[in-house]
Amino acid sequence: MKVEQLTCSIGAELVGVNLADAVHDDGLFAEIRAQLLKHRVVFLRDQDITRAEHVAFARRFGELEDHPVAGSDPDHPGLVRIYKRPDQPADRYENSWHSDATWREAPPMGCVLRCVECPPVGGDTMWANMVEAYARLPEDVKLKIADLRARHSIEASFGAAMPIEKRLALKAMYPDAEHPVVRTHPETGEKVLFVNAFTTHLSNYHTPERVRFGQDANPGASDLLRYLISQAYIPEYQVRWRWKPNSIAIWDNRSTQHYAVMDYSPCHRKMERAGIIGDKTY
């Protein structure tokens, strides 16, 4: 296996690898996992694998999860179909910087995404290194956010366009999750800036140490949250991947955010994603 680093901060392409082999080859899978932890997102071309092989490879990381809004392949539970059609009104959940499903109490560990069909130009996906984003924060900001926690909501994102009854039912099924603003990566021990487009507010900002009067609470918390979320926008933390059919991206959802660039209308874009169940945050 040849490893070609794509940027100084994040991302590498793995060349000379067939993911179908990694389903049964423990040594090959261990090397892929090591490269994932090192580079946070790894890419492969020309992976003409079946859906069953896609699911079997992803399951080597852990059990898979379905999505309550996006549909899964009926024959392969856990393989979510992200299909965009020219006549389909585009949703606006993918083209924002986010970590997948942080509205869960235990957000996904990672994902394996395969391109089935894509436009000839456009439809790239970008990833950002949120370990680097935390490490390069000013020291006074690190002190300010060390004990902060934040709420993440499916109701305010996927549920926003639903009729109120469906939206409230979705929230009842998936109540807002609360996570630390600075997460500790469970495998590497690294500190990760863990707020994104699913984050609605800081839960424990309003304390005497931060707020002189009640009037300080809302602008102080919202301005800080906007600043933290904006760290993913910095190009020095990013990598951009151009899709071709049978290309695959594997990313660590605990230490990255991603953004699907929606610049390809009116074309088809068909992707299939296996999301791996993760751990509760701390």
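Scanning segment 228-239 for residues that are of a type in the set (Asp, Glu) and either at pLDDT below 95 or surrounded by fewer than 13 Cβ atoms within 10 Å (Cβ to Cβ) (or both) yields no hits at all.
One residue alone among Glu65, Glu94 is surrounded by fewer than 21 Cβ atoms within 10 Å (Cβ to Cβ) and either of a type outside the set (Val, Ile, Thr) or farther than 30 Å from Arg183 by Cα (or both), and that residue is Glu94.
I'm checking my understanding of the structure. Among residues of segment 193-227 that are among the polar types (S, T, N, Q) and either buried (at least 19 other Cβ atoms within 10 Å of the Cβ) or not in a loop (DSSP other than H, G, I, E, B) (or both), which one is farthest from the chain's Cα centre (by Cα)? It would help to see each step written out before you state the result.
Taking segment 193-227 as the starting set, the residues that turn out to be among the polar types (S, T, N, Q) are 196, 199-200, 203-204, 207, 215, 218, 222.
When the remaining residues are screened for being either buried (at least 19 other Cβ atoms within 10 Å of the Cβ) or not in a loop (DSSP other than H, G, I, E, B) (or both), the result is 196, 199-200, 215, 218, 222.
Values: Asn196: 9, Thr199: 13, Thr200: 17, Gln215: 34, Asn218: 27, Ser222: 22 Å.
The qualifying residue farthest from the chain's Cα centre (by Cα) is Gln215.
Of the residues that sit in segment 7-55 and are in a loop (DSSP other than H, G, I, E, B) and in contact with a His (Cβ under 8 Å, 6 or more places away or on another chain), which one is nearest to Arg81 (Cα to Cα)? Before you say what the answer is, go through the steps one by one.
Filtering segment 7-55 down to residues in a loop (DSSP other than H, G, I, E, B) leaves 7-11, 16-18, 23-25, 40, 45-50.
Retained after the next criterion (residues that are in contact with a His (Cβ under 8 Å, 6 or more places away or on another chain)): 10-11.
Values: Ile10: 26, Gly11: 24 Å.
Among those that are in a loop (DSSP other than H, G, I, E, B) and in contact with a His (Cβ under 8 Å, 6 or more places away or on another chain), it is Gly11.
For first residues located in segment 247-269 and within 26 Å of Asn18 (Cα to Cα), partners that are acidic (Asp, Glu) and crowded, with 22+ Cβ neighbours inside 10 Å and lie 6+ apart or on another chain with Cβ distances below 6 Å form the pairs Asn253/Asp100. Just checking, does segment 174-192 include any residue being more than 16 Å from the chain's Cα centre (by Cα), in a helix (DSSP H, G or I) and basic (Lys, Arg)? Checked segment 174-192: no residue is more than 16 Å from the chain's Cα centre (by Cα), in a helix (DSSP H, G or I) and basic (Lys, Arg). Screening the candidates His76, His67 for the property of being over 30 Å from Val211 (Cα atoms), modelled with pLDDT under 95 and touching a strand residue (DSSP E or B) at 6+ places or on another chain (Cβ under 8 Å) yields one hit, His67. For segment 9-21, residues that are in contact with a helix residue (DSSP H, G or I) (Cβ under 8 Å, 6 or more places away or on another chain) and either crowded, with 17+ Cβ neighbours inside 10 Å or farther than 21 Å from Cys111 by Cβ (or both) total 8.
Scanning segment 165-206 for residues being more than 21 Å from Ala232 (Cβ to Cβ) and touching a helix residue (DSSP H, G or I) at 6+ places or on another chain (Cβ under 6 Å) gives a total of 1.
Exactly one residue out of Asp66, Asp75 is out of contact with any helix residue (DSSP H, G or I) (no Cβ under 8 Å at 6 or more places or on another chain) and part of a loop (DSSP other than H, G, I, E, B), and it is Asp66. Counting the residues of segment 1-31 that are among the aliphatic types (A, V, I, L, M) and out of contact with any strand residue (DSSP E or B) (no Cβ under 7 Å at 6 or more places or on another chain) gives 5.
Residue under question is Glu155, and the condition is that it be assigned to a loop (DSSP other than H, G, I, E, B) and under 30 Å from Gln35 (Cβ atoms); does it hold? Even if it seems obvious, please write down each step before you answer.
Details: assigned to a loop (DSSP other than H, G, I, E, B): yes; under 30 Å from Gln35 (Cβ atoms): no.
No: the conditions fail for Glu155.
Can you find a residue in segment 173-191 that is surrounded by 13 or more Cβ atoms within 10 Å (Cβ to Cβ), touching an Asp or Glu at 6+ places or on another chain (Cβ under 7 Å) and of a type in the set (S, T, N, Q)? No, every residue in segment 173-191 fails to be surrounded by 13 or more Cβ atoms within 10 Å (Cβ to Cβ), touching an Asp or Glu at 6+ places or on another chain (Cβ under 7 Å) and of a type in the set (S, T, N, Q). The set of residues from segment 266-279 being surrounded by fewer than 15 Cβ atoms within 10 Å (Cβ to Cβ) and over 15 Å from the mean Cα position of the chain (by Cα) comprises just one member, Pro266.
The values are calculated or read from the model by the stated rules, or taken from the named source; none is laboratory data. None of these values were measured; they are calculated from a predicted model. Every residue, glycine as well, gets a Cβ built from its backbone with ideal geometry; the counts of neighbours run over all protein chains shown.
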